[in-house]
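Working notes, beginning with the structure itself.
All of the numbers you see were taken from the coordinates with simple rules; none came from a lab. Bear in mind that the values here come from a model prediction, so they are computed numbers and not experimental data. No Cβ is skipped: glycine too gets one built from the backbone with ideal geometry, and neighbour counts run over all protein chains shown.
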Amino acid sequence: MAQMNIDSQTNTNNDEALHLRPELHYIIDMVKPESHVLDLGCGEGYLLKALQKQKRARVQGIELSDTAVQACVEKGLFVYHGDLDEGLADFNDQSMDYVILTSTIQVLHRPDFLIKEAARVGKRAIISVPNFGYWRVRMQLMFQGVMPRTKHLPYEWYDSPNIHLTTIKDFRRFCHENRLRIAGETDLVIDQGACKLVRMHPNFFADYGIFLLEKE
Amino acid sequence: MPELLHLILGSEMISSEAESVGIVETQYFTFAEPPNELHLECGRKLGPITLAYETYGRLNEDKSNAILIVHALTLDAHVAGKNHPDDPKPGWWDNAVGPGKAFDTNKYFVICSNVIGGCKGSTGPSSINPETGRPYGLDFPMVTILDMVHAQKQLIDHLGIKQLMCVAGGSMGGMQVLQWTVSYPEMVRLAMPIATTARLSAQAIAFDAVGRHAIMSDPNWNNGDYYGRSIPSSGLAIARMIGHITYMSDVSMHQKFGRGLQDKSEPDYDFVTEFQVESYLNYRGESFVNRFDPNSYLYITKAMDYFDLALPSGELRKELAGVKAAFLVVSFSSDWLFPPYMSKEIVSALRRNNIDVSYAEIQSDYGHDAFLVEVDTLGRLITNFLEYADPRTNGADEY
């Protein structure tokens, strides 16, 4: 389990880098240069901006929050203000090199629908999920008998936007059942702005999983 | 419509702290002298044609900073500043056009022209027909959004501009923006169709038709031949009242008027003006007849009715296939005349053609009028889009 301090590797004078969550660097690494990228739930566009700069990618995003949409336009990004649960009907099959969903599927009404849409529109899909099988989560439920709250899942049961949580194991099974090949997987523990790679029993030791998917 | 802003928001919003462009002069450009008349979509010819226009800011050396603003139904070339120091109000989009404003005249050269068919200095039904020496009236040919754009193209050529940095406009202005990107794809780098549609809906055609009926059934209309006599003012006022209802929303009317009575605390139980909303509509109608030609209202609403960018194929995606501009499409949540789904249709067709497009739906209670009212939110989008989306200055090579 090699520890990697991301901040020391990037230019900290760079405004975007300061705002880029550490786990996103692993996603950037998965994207080939000069690709066409669609980020679903792109927030304020930090990942897209980094991909544009570091990978010369042609990027666009979809985002529900109006303030985040403003922030994207402020970065010179092309963004669509809309709801992901409506799907990706405007996009042709395999019209993107990558469709990205970071920490997003758990808030959707039909994550299965959008994952399949992402795999339809993208030649590849990159999907990251907080792992509900992480040992701290299990311990809270097991020993305290309460709904788990963690760094990635900080909400109370009643106000959580996370309505479809998954584990790394469940997600792998979903991919298998839906004929999505896992072409790459990075499992992490994210702590205080740094990530630790988890190779052994990630469903227990990792709190975050990143999957690179291709249609079989 | 600036008066409406005053009524809604009070005068403090209009006299914002940003500077004004100051005193501007309306200019005139005449072209299409016979035998080189402009060929119109309806099959007829029109010429000579005069366009009234105004410009703000300075055209840079390589003529790459020109922005064309195209106006809505009853507006004109006078976007910003004042024509005379004692004008009571500045131009119709003064809060968006000027030094340091969304269309920053310190950086950009802004042009706006009155459409053909209009009555604010451009050739229209109230202009003199050179063949008869009298106002055209109904002899004026039917003009379309495409014809308006063809005429503007002549003006842009006249100004020596090969490519516009941006074409922007709301409502019928947005239709012209879309038409520009289709008719002259190489001439537009950025396009901002705001609160608009690619084809006028049956509902909107219906409202236009009622407005026209009001004008044409006014005895003073006299088949459009009323110049030098009493104008069909009650018909035009009714048309304007109908228009205003469609520009507002249920919420904005409720907030502004509610069921309030006009200058009284008890109803009179008669047919005089009882409610504030009635009084407001009367005022809107009456003030409009002093500044607009009834025949122009007929012609321009017809131009909007005919607008269908999906023709001839019937598929908007196909008709937008040749577009080159990058787009910022904006709609407003409470706009029921041009609802957000119409903007989404435009965005969908652009995306299917792999064209760069940003789309924002601004939350607003002001209905269709929001495009003139929500200047803070809309202005921020415009500022940043102009600053960062221009492929000329923000090409991928920079990274």
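Remarks
- Applying Stokes-Einstein at 37 °C and 0.692 mPa s to the Kirkwood radius of the stretch B:175-230, computed over alpha-carbon pairs, gives a translational diffusion coefficient of 228 µm² s⁻¹.
- Averaged over residues, the count of other Cβ atoms within 10 Å places the peptides B:111-118, B:66-73 in the sequence B:111-118, B:66-73, highest first.
- Most positive-pole-ward Cα, B:SER287, B:VAL188, B:TYR108, against dipole of chain B from beta carbon charges: B:VAL188
- Peptide-level mean, for B:336-348, of C-beta atoms on other protein chains within 10 Å: 1
- The mean number of Cβ atoms from other chains found within 10 Å of a Cβ in peptide A:80-88 is 3, as a whole number.
- Placed amide H near A:THR150: partners under 5 Å, 5+ positions off or other chain: A:TYR155
- 3J(HN,Hα) from dihedral phi, the stretch B:92-105, Karplus parametrisation 6.51/-1.76/1.60, rounded to Hz, x for glycine, proline: 6, 10, 4, 6, 10, 10, x, x, x, 8, 3, 8, 6, 6
- Other residues with beta-carbon under 12 Å from the beta-carbon of B:SER171 carry, at +1 per Lys or Arg and -1 per Asp or Glu, a net charge of -2.
- Radius 14 Å from Cβ of B:LEU51, net charge of other residues (Lys, Arg +1; Asp, Glu -1): -3
- On the basis of the beta-carbon distance and an R0 of 45 Å, B:HIS213 and B:ASP62 show a calculated FRET efficiency of 0.35.
- Over 31 Å (Cα to Cα) - which of A:LYS75/B:LYS82; A:LYS123/B:LYS63; B:LYS89/B:LYS302; A:LYS116/B:LYS318; B:LYS63/B:LYS101; A:LYS75/A:LYS116 fall in this group: A:LYS75/B:LYS82; A:LYS123/B:LYS63
- Comparing A:PRO202, A:PRO130, A:PRO161 in a Gaussian network model of chain A, where Cα atoms under 10 Å apart are tied by springs, the biggest mean-square fluctuation is seen for A:PRO161.
- Calculated FRET efficiency, A:MET30 to B:ASP305, Cβ-Cβ distance, R0 = 60 Å: about 0.70 to the nearest 0.05.
- In this simple spin-label approximation, B:PHE275 and B:ASN290 carry label points 7 Å from Cα along the Cα→Cβ vector, and these lie 2.7 nm apart.
- Inter-site label distance for A:ALA194 and B:LYS324 at 7 Å from Cα along Cβ, in nm: 5.2
- The stretch B:273-399 - Rg and Dmax from Cα coordinates, angstrom: 19.0, 65
- Taking the average, over residues, of other Cβ atoms within 10 Å as the packing measure, peptides B:202-210, B:284-292 rank B:284-292, B:202-210 from highest down.
- Positive-pole candidate from A:MET30, A:THR102, A:GLY87, dipole of chain A, charges at beta carbon: A:MET30
- The relative contact order of chain A comes to 21 percent, based on Cα pairs under 8 Å that sit 6 or more residues apart.
- Taking every DSSP helix (H) stretch of at least 4 residues in chain A, weighting each as -39,500 (n - 2.57) and dividing the sum by the residue count yields a mean residue ellipticity at 222 nm of -7500 deg cm²/dmol.
- Highest mean packing first, where packing is the average number of other Cβ atoms within 10 Å per residue, the peptides B:132-143, B:340-351 line up as B:340-351, B:132-143.
- A dipole drawn for the stretch B:321-375 from +1 and -1 charges on Cβ atoms has a positive end, and of B:ALA370, B:TYR341, B:VAL323 the residue lying farthest that way is B:VAL323.
- By the Cα gyration tensor, chain B has an equivalent ellipsoid whose semi-axes, rounded to whole angstrom, run 32, 26, 21 from largest to smallest.
- Intensity falloff of the protein assembly as shown expressed as log10 I(q)/I(0), Debye formula with alpha-carbon point scatterers, at q = 0.08, 0.10 Å⁻¹: -0.65, -0.92
- Listed by number, the DSSP H helices of chain A that run 27 Å or longer by alpha-carbon position along their axis and have mean Kyte hydropathy of at least -1.0 come to an empty list.
- By definition, a body whose alpha carbon gyration tensor gives a ≥ b ≥ c is rounded when a/c is under 1.5, and chain A falls into this rounded group.
- Prolate/oblate/rounded call for the stretch B:300-342, Cα gyration tensor, a/c under 1.5 rounded: oblate
- Chain B: most fluctuating residue of B:GLY228, B:GLY98, B:GLY314 per GNM, C-alpha cutoff 10 Å: B:GLY228
- Take each residue of peptide B:349-361, count the partner chain Cβ atoms within 10 Å of its Cβ, and average: the result is 5.
- For the stretch B:56-170: relative contact order, % (alpha-carbon pairs under 8 angstrom, 6 or more apart): 35
- Expressed in units of 2.2 N^0.38 Å, where N is the residue count, the Cα radius of gyration of the stretch B:106-197 is 1.19.
- Cα gyration tensor category, rounded, prolate or oblate, for the stretch A:48-124 with a/c compared to 1.5: oblate
- Sequence-distant contacts, meaning Cα pairs under 8 Å at least 6 residues apart, place the relative contact order of the stretch B:231-290 at 51 percent.
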